[in-house]
Amino acid sequence: MSGDLPLNINIKEPRWDQGTFMGRAQHFFMVTDPRNVLLSSEVLEDARVTVENYRLGIVKPGLTEDQLWRAKYIYDSAFHPDTGEKMLLIGRMSAQVPMNMTITGCMLTFYRTAPAVVFWQWVNQSFNAIVNYTNRSGDAPITVNQLGAAYVSATTGAVVTALGLKALTKSLPAIMGRFVPFAAVAAANCINIPFMRQRELKYGIPVTDAEGKRLGESSKAAQQAIVQVVVSRIGMAVPAMEDVFLNCFVKFLFVSQRFPVLNAPVQVGLVGLCLVFATPLCCALFPQKSSMKVSSLELELQERIRQNNPHITTVYFNKGL
């Protein structure tokens, strides 16, 4: 039984035009809003019920269109788009700001000994691994052994790479050394993300037509998805590179000279402020529902699609975040 709200609102798609950067940015500002991590289980469950019922044609009495869209974005921020499962709290994109601020603060504070540097690099890459797993593409189950192997290879490779590149700062000119931390984070992302999503590269991710009908699985689509996510994540890492940007800004404000004790808190605060904007804007670099030509898929999948759906020239897939 439906209420007053019409049933033709397409909440399967974002509220704003995803064909433009501004439309994608508006969408991701809602999904990555840090305040979403404070929502209770009851609020999340109510949003899930509201969204799933509306898709079935059931409207809660008194529900308005704005309330429906609010429920949709709460749902999108906490539930996986392919599996529908509630995502790990710290792995959600809405947790990026508080988690990265916390880890950055610890890395700024505990850096004087090699064990401390290794430990916090491991914590950082473990957090990245959780985010990469939580925001993976596809709905295929992953075994504990597969997940464990992916985690160990991702974190080990990323930590070794990050520490190796950071060691170069001792032999480089000061101006070049400032960019090594960014290179280390970029290289670590290039290792961590593919390793945590290696199952997608091996078995492929679901590809659909424009209406969402599943057409098969494609490793080529997974490759494109992971490349796009790597680029976005590297962009998100820029605000955390205090040696490149924040250190210069803090020194410009003379905070470190006048009040040394405020140096780390100010830098952490600036990281958080930058991430509030960098996270959604970098997520918006590419559409969440990505696409590619049928001619770019595996030959076997191309043939199957052309036989069963000869009119289809483009397929779509969730690239992950």
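Roughly how much of ARG233 is accessible, in Å² to the nearest 10, using a 1.4 Å probe?
20 Å²
Taking only C-alpha pairs under 8 Å that are 6+ residues apart, what is the relative contact order of the stretch 21-86 in percent?
Numbers: 32 pairs, mean separation 25.4, N = 66.
It comes to 39 percent, rounded to a whole number.
What full-extension length gain, to one decimal in nm, is calculated for LEU285 and ASN53 as 0.36 nm per residue of separation minus the Cα-Cα distance? Don't skip to the end; give the middle numbers.
Values: separation 232, 0.36 × 232 = 83.52 nm, distance 3.16 nm.
Gain in length upon complete extension: 80.4 nm.
Rounded to the nearest 0.05, what FRET efficiency is calculated for TYR203 and THR156 with R0 set to 22 Å and r the Cβ-Cβ distance? Intermediate values should be presented prior to the final figure.
Numbers: r = 23 Å, r/R0 = 1.05.
The calculated FRET efficiency here is 0.45.
Could you tell me which trypsin sites (Lys or Arg not before Pro) in the stretch 4-56 are loop residues by DSSP with no more than 15 other beta carbons within 10 angstrom of their beta carbon? Let's see the in-between values first.
Details: sites: LYS12, ARG15, ARG24, ARG35, ARG48, ARG55; in loops: LYS12, ARG15.
Within the stretch 4-56, the qualifying trypsin sites (Lys or Arg not before Pro) (loop, at most 15 other Cβ atoms within 10 Å) are LYS12.
Peptides 70-82, 302-314: what's the order by average Cβ count within 10 Å, highest mean first? Walk me through the numbers on the way to the answer.
Working: 70-82: 20.1, 302-314: 12.4.
For the peptides 70-82, 302-314, the packing ranking is 70-82, 302-314.
Once a ≥ b ≥ c are taken as the square roots of the eigenvalues of the Cα gyration tensor of the stretch 65-144, is the result rounded (a/c under 1.5), prolate (a/b larger than b/c) or oblate (a/b not larger than b/c)? Provide the component values of the computation, followed by the final result.
On the way: a/c = 5.33, a/b = 1.80, b/c = 2.96.
Cα axes put the stretch 65-144 in the oblate bin.
Summing +1 for each Lys or Arg and -1 for each Asp or Glu, what net charge is found among the other residues whose Cβ lies under 14 Å from the Cβ of TYR316? Provide the component values of the computation, followed by the final result.
Working: positive: LYS12, LYS213, ARG214, LYS220, LYS289, LYS293, LYS319; negative: GLU13, ASP82, ASP209, GLU211, GLU217.
Net of charged neighbours comes to +2.
By how many nm would the segment from LYS86 to SER219 lengthen if fully extended, with 0.36 nm per residue of separation less the alpha-carbon distance? Present the calculation step by step, with values, prior to reporting the outcome.
Working: separation 133, 0.36 × 133 = 47.88 nm, distance 2.55 nm.
Value of the extension gain: 45.3 nm.
The values are calculated or read from the model by the stated rules, or taken from the named source; none is laboratory data. Because the structure is predicted, anything quoted here is derived from the model rather than measured. Cβ: placed from backbone, ideal geometry, glycine included. Neighbour counts: every protein chain shown. With ligands, DNA and RNA removed, areas are computed over all heavy atoms of the protein, side chains included. Shrake-Rupley method; radii C 1.70, N 1.55, O 1.52, S 1.80 Å.
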